[in-house]
Amino acid sequence: MPFVTLKEVLTAAEEGQYAVGAFNANNMEIVQAIIEAAEEERAPVILQASQGALKYAGIGYITAIVQAAAASSTVPVVLHLDHGTSFEQTMQCLKHGFTSVMFDGSHYSLAENIALTRKVAEVAHAMGASIEGELGRIGGTEDDISVAERDAFFTDPAEAQQFVAETKVDALAIAIGTAHGPYKGEPVLDFARLTDINDRVAAPLVLHGASGVPDDSIRKAVAGGIRKINIDTELRQAFTRAVRQIVQEKPAEIDPRKILGPAKEAMKEVVKAKMRLFGCCGKA
Ligand code: G3H
Ligand code: 13P
Ligand code: ZN
């Protein structure tokens, strides 16, 4: 099936009141794990390439691998740029066939973020693609910041309303207490803020840094209007855990396929479990 846009899958998610999983892909085994999980669960799926993925694999390889996987799949697949850094980079991805790009202008002032995101949105829309923007700062679990500092980075609901109205983004990533990477403690999400943002913003909302967020909080976030959920860290953990186990248990094994194959299967199980949690199974 040819790629579909983010707008298409999130419009259906809004109608059905579920969230679609967005999984970070860096190599062939990861792409296969995600697509096979989506096929087996009959779930729409978003494969996203981060800055690290583009550096590691290169845009040509990433696009070709995901295209090959999507060509033989029967579920809707979105190829999305995760945390795009510049106008030029988003254009390069769109030229390669991405059907969605994120422009992350969250480190700019509100006015600059709006101006830069709007520019990307105009071109993305003219090319038939979708765009995700970010307002508020999501950051990393390794950032050594206090709770007060963290709260200051949370998305302001009134600004979110203005941002979406002026940029025309198809999805909005918000900061409500999650962070990228493995959490040291249990993340606490600001659900009242989520409700406030959802009441003011018609665009579907995106939760980044969802690895390690308790299942109950994820369910509450989906009930509160989250429609795209980004998972990377838990995929890395599953893959690496399996590789370590095989290398330890079978030190004489020299066939990479016999190490990476089971790692792919371990990752696939995590993807399937997340899809069930997000409510998107059987929706393709
Ligand atoms: O949002 C960040 C993702 O988890 C991926 O980061 O650039 O190390 O691939 P990365
Ligand atoms: P985690 O690595 O914390 O799952 O976050 C993924 C993410 O938000 C990618 O944009
Ligand atoms: Zn992210």
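The values are calculated or read from the model by the stated rules, or taken from the named source; none is laboratory data. The shown structure was predicted, so the numbers you read here are calculated from the model rather than taken from an experiment. Every residue, glycine among them, receives a Cβ derived from its backbone with ideal geometry; neighbour counts consider all protein chains shown.
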Restricted to region 171-195, and to residues that are away from ligand 3 (no atom under 16 Å from the Cβ) and over 13 Å from Ala223 (Cα atoms), which residue is surrounded by the fewest Cβ atoms within 10 Å (Cβ to Cβ)?
-> Gly185
Looking at (1) closer than 27 Å to Leu79 by Cβ; (2) in contact with a Lys or Arg (Cβ under 9 Å, 6 or more places away or on another chain), find the lone condition where Val123 falls short.
-> (2)
Tell me, which residue of region 231-281 that is within 25 Å of Ser50 (Cα to Cα) and among the small types (Gly, Ala, Ser) is nearest to ligand 1 (Cβ to nearest atom)?
-> Ala238
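Inside region 114-140, can you point out the residues that are within 16 Å of ligand 3 (Cβ to nearest atom), on the phi < 0 side of the Ramachandran plot and either of a type outside the set (D, E, K, R) or loosely packed, with under 15 Cβ neighbours inside 10 Å (or both)?
Thr117, Ile131, Gly133, Leu135, Ile138, Gly140 - these are the residues of region 114-140 that are within 16 Å of ligand 3 (Cβ to nearest atom), on the phi < 0 side of the Ramachandran plot and either of a type outside the set (D, E, K, R) or loosely packed, with under 15 Cβ neighbours inside 10 Å (or both).
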Restricting region 236-258 to residues that are surrounded by 15 or more Cβ atoms within 10 Å (Cβ to Cβ) and closer than 22 Å to Tyr183 by Cβ, the residue that is farthest from the chain's Cα centre (by Cα) = Ala242
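For region 76-92, which residues satisfy the criterion of being away from ligand 3 (no atom under 15 Å from the Cβ) and in contact with a helix residue (DSSP H, G or I) (Cβ under 7 Å, 6 or more places away or on another chain)? Explain how you work it out, then say what you get.
First, pick out the residues of region 76-92 that are away from ligand 3 (no atom under 15 Å from the Cβ): 76-79, 86-92.
Hits for region 76-92 are Pro76, Val77, Val78, Leu79, Phe87, Thr90, Met91, Gln92.
Going residue by residue through region 13-29, is there one that turns out to be in a helix (DSSP H, G or I), closer than 17 Å to His208 by Cβ and either within 14 Å of ligand 1 (Cβ to nearest atom) or out of contact with any Asp or Glu (no Cβ under 7 Å at 6 or more places or on another chain) (or both)?
At the first step, the residues of region 13-29 found to be in a helix (DSSP H, G or I) are 13-16, 28-29.
In the following step, the residues that additionally are closer than 17 Å to His208 by Cβ were identified as 13.
Okay, now just the ones that are also either within 14 Å of ligand 1 (Cβ to nearest atom) or out of contact with any Asp or Glu (no Cβ under 7 Å at 6 or more places or on another chain) (or both), so 13.
So far as region 13-29 goes, yes, one or more of its residues are in a helix (DSSP H, G or I), closer than 17 Å to His208 by Cβ and either within 14 Å of ligand 1 (Cβ to nearest atom) or out of contact with any Asp or Glu (no Cβ under 7 Å at 6 or more places or on another chain) (or both).
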Result of the Cβ filter at 8 Å on region 67-80, keeping first residues that are under 17 Å from Met275 (Cα atoms) and among the aromatic types (Phe, Trp, Tyr) and partners that are modelled with pLDDT under 95 and part of a helix (DSSP H, G or I), at least 6 apart or interchain, is none
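Taking the stated definitions as given, is Thr233 of a type in the set (S, T, N, Q), within 15 Å of the chain's Cα centre (by Cα) and over 25 Å from Met28 (Cα atoms)?
On the way: of a type in the set (S, T, N, Q): yes; within 15 Å of the chain's Cα centre (by Cα): yes; over 25 Å from Met28 (Cα atoms): no.
No: the conditions fail for Thr233.
State yes or no: is Tyr108 assigned to a loop (DSSP other than H, G, I, E, B) and more than 15 Å from ligand 2 (Cβ to nearest atom)?
Details: assigned to a loop (DSSP other than H, G, I, E, B): yes; more than 15 Å from ligand 2 (Cβ to nearest atom): yes.
In short, yes.
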Do we have any residue at all in region 63-74 that's buried (at least 24 other Cβ atoms within 10 Å of the Cβ), modelled with pLDDT of 95 or more and either of a type in the set (Val, Ile, Thr) or within 16 Å of Ala124 (Cβ to Cβ) (or both)?
-> yes
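Looking only at region 44-74, filter to residues that are among the aliphatic types (A, V, I, L, M) and more than 30 Å from Gly16 (Cβ to Cβ); which one of those is farthest from ligand 1 (Cβ to nearest atom)? I'd like the intermediate steps shown before the answer.
Our first condition is that a residue be among the aliphatic types (A, V, I, L, M); within region 44-74, this holds for 45-47, 49, 53-54, 57, 59, 62, 64-66, 68-71.
After this cut, where a residue has to be more than 30 Å from Gly16 (Cβ to Cβ) as well, the list is 54, 57, 59, 64.
Values: Leu54: 8, Ala57: 10, Ile59: 14, Ala64: 19 Å.
Per the stated criteria, the residue is Ala64.
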